[in-house]
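Notes to accompany the following structure.
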Amino acid sequence: MLEGVVPFPPEDQKRWREKGYWQDKSLAQEFAVLFERYADRVALIAGERQYTYRDIDRITDNLALNLLEIGMQPLDRVVPTLPNVAEFVLLYVALQKIGGIPIAALVTHRYMEISQFVKLSGATTCVYPEKQGDFRFGPIIERVQQESPSLKFRLVLGTAGPGELSLTELIERPAKLARSELDRIAIDPTDPAMFQLSGGTTGIPKLIPRTHNDYAYNSKTAADVCGVTGDTVMLIALPIAHNLPLACPGIQGAFFKGGSAVLSLTTRPKEVFGLIQKQRATHLKVVPAFLIRLINEPSIGEYDLSSLRLIQSGGQRMQPEVRLRTHRLFPTAFVQENFGMSEGLLMFVRWDDPEEVKLETCGRPICPDDEVKLIDDEWREVPAGEVGELACRGPYTLRGYFGVPEYNARQFAPDGFFRTGDLMRLHPSGNYVVEGRGKDLINRGGEKISAEEVENLILMHPAVENIACVPMPDPNLGEKMCAFVVLREGHSLTLNELTAFLMDKEIAKFKLPERLEIVPDLPVSTFGKVSKKALAEAVAKKLEAERTAKSL
Ligand code: AMP
């Protein structure tokens, strides 16, 4: 097993196998069965291109062999910053065939994040588009390579420059190696098939090992709960490598049932509606921020969206009025709340749940052996009906982040329960209600920002003496980030200057603060810690006052 991965205890492994949750197959072995069973069905649609299961199998055999030929090996870690293109899926499947481990990076990530992921994982390979808008990845990946001895391969989607190899060519060029080379690769199903990323409670992101056994179970079971069948057409417009669009049930869940996945490069409502209409999409995965844009699109009535059966919303809490409006606008679809986390545990509201469960809760876990506790600071369970922090354990929830034993000692109890940082209440129906969170992050339209990560960067600014980043309410995104800054004497700072400073640090744009408040000092709680709660309340109040003033 890859060093740094925390294994599930042997007695639990035995139990998950006996119960059939773990099949002890690699994802590649699982996929092989599907590729044969559903060979002639359409598996993937991306733009004008369409792939059957047989096509995917053939193309990814070829790509996998070419990856071996250039020198990639089992357990190689790979950082793909690709948009929602077919090549991501082809790469993902080919990596599974050689036992490689993709990391759930995003096309919006920049030098700061990519270099962190490469260092944290010891990645051998980065895979990236030539350009994303005006941004060219090549030069920054070259810099990452100069600083990271593990990074051997730079694979660009498109034409290769000096030092790069072309992913496009590796997909298309007939492989020299024999197919039997793939059969010789032994993959341990308790090894990671994927590293998801934690929004995390501390500055540096954490890598979440999702093993072959647990990730396959995760997708199959989520597919059952979401009514995925061979007739499913699943539209994927959210960033493709995120856990929910990839595996909950996502692309992987659609594959397990012989359905099709349709990739959208954009979340622009008109284009998404156009795709739903054209491809007769049955399943749509959203975060509430995206859903709000969809239901506010004035031309919604011009499209035939009657193929939709399920709109699955996760990543953020959905406001009841958003759900009700969605029901009205998409009368053929069940609007399903889903609480999920890249670390594992998934909760869903079910199709046949009573109305009050659908309206008030985020559902319940998908596996009878998911163990859920709501606890206080001392790991003691709170009385039923009271708010506590969600702690969980089960056959697809991690037992430790990759390579961070000290952090793990804080987040995991000795019996394996994982402290999530989410605050919940048990609903009398046995479902759960999200009541907020204790962790120090901003949930911007489902994209998580670690406050501490951005604070550490802002502290480097010469004008800044102290800083606290907090969430502020936003009607569309749910939350945005506000930076409270205490200035050094005689200095000034504007939001534009702060933005320029952070852009210079080469972070993803979605992590930029969208409001700056200059304050003489930061409020502290009775324990002497900065009271972020007080700051979040202060900015929420200010926003409310500004809104009222505007409407007068
Ligand atoms: P991620 O690992 O990026 O999917 O983020 C997981 C986190 O998103 C959870 O720990 C929650 O804080 C939040 N989250 C996910 N689903 C929901 C939901 N339905 N309601 C409220 N928060 C959610």
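The values are calculated or read from the model by the stated rules, or taken from the named source; none is laboratory data. All values derive from a computational prediction rather than experimental measurement. No Cβ is skipped: glycine too gets one built from the backbone with ideal geometry, and neighbour counts run over all protein chains shown. Side chains included, ligands, DNA and RNA excluded: accessible areas come from the protein's heavy atoms. Shrake-Rupley method; radii C 1.70, N 1.55, O 1.52, S 1.80 Å.
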Checklist entry - In segment 430-454, which residue that is within 16 Å of the ligand (Cβ to nearest atom) and in a loop (DSSP other than H, G, I, E, B) is farthest from residue 475 (Cα to Cα)? => result 431
Item to check | Flag for residue 421 being away from the ligand (no atom under 16 Å from the Cβ), under 30 Å from residue 393 (Cβ atoms), touching a Ser or Thr at 6+ places or on another chain (Cβ under 9 Å) and open to solvent by less than 60 Å² (accessible area, probe 1.4 Å) | outcome: no
Checklist entry - Out of all the residues in segment 262-289, which are in contact with a Gly (Cβ under 9 Å, 6 or more places away or on another chain) and either part of a loop (DSSP other than H, G, I, E, B) or within 19 Å of residue 247 (Cα to Cα) (or both)? => result 263, 265, 282, 283, 285, 286, 287, 288
Checklist outcome for this item: Selection over segment 497-520 where residues are loosely packed, with under 14 Cβ neighbours inside 10 Å and either in a loop (DSSP other than H, G, I, E, B) or in contact (Cβ under 8 Å) with a residue 60 or more places away in the chain (or both) yields a count of 2
Item to check | Subset of segment 358-377 [over 27 Å from residue 211 (Cβ atoms) and either assigned to a strand (DSSP E or B) or modelled with pLDDT under 95 (or both)] | outcome: 358, 359, 360, 377
Checklist entry - If you go through segment 291-337, how many residues are part of a loop (DSSP other than H, G, I, E, B) and at negative phi? => result 18
Checklist entry - Do we have residue 344 as crowded, with 21+ Cβ neighbours inside 10 Å, within 18 Å of residue 9 (Cβ to Cβ) and more than 15 Å from the ligand (Cβ to nearest atom) here? => result no
Checklist outcome for this item: Checked 44, 2 against criteria (under 30 Å from residue 271 (Cβ atoms), open to solvent by less than 90 Å² (accessible area, probe 1.4 Å) and not in a helix (DSSP H, G or I)); the one match is 44
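Yes/no per residue for (1) within 16 Å of the ligand (Cβ to nearest atom); (2) open to solvent by 10 Å² or more (accessible area, probe 1.4 Å):
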{"site": "281", "(1), (2)": "no, no"}
{"site": "284", "(1), (2)": "yes, no"}
{"site": "291", "(1), (2)": "yes, no"}
{"site": "297", "(1), (2)": "no, yes"}
{"site": "301", "(1), (2)": "no, yes"}
{"site": "304", "(1), (2)": "no, yes"}
{"site": "309", "(1), (2)": "no, yes"}
{"site": "314", "(1), (2)": "yes, no"}
{"site": "319", "(1), (2)": "yes, yes"}
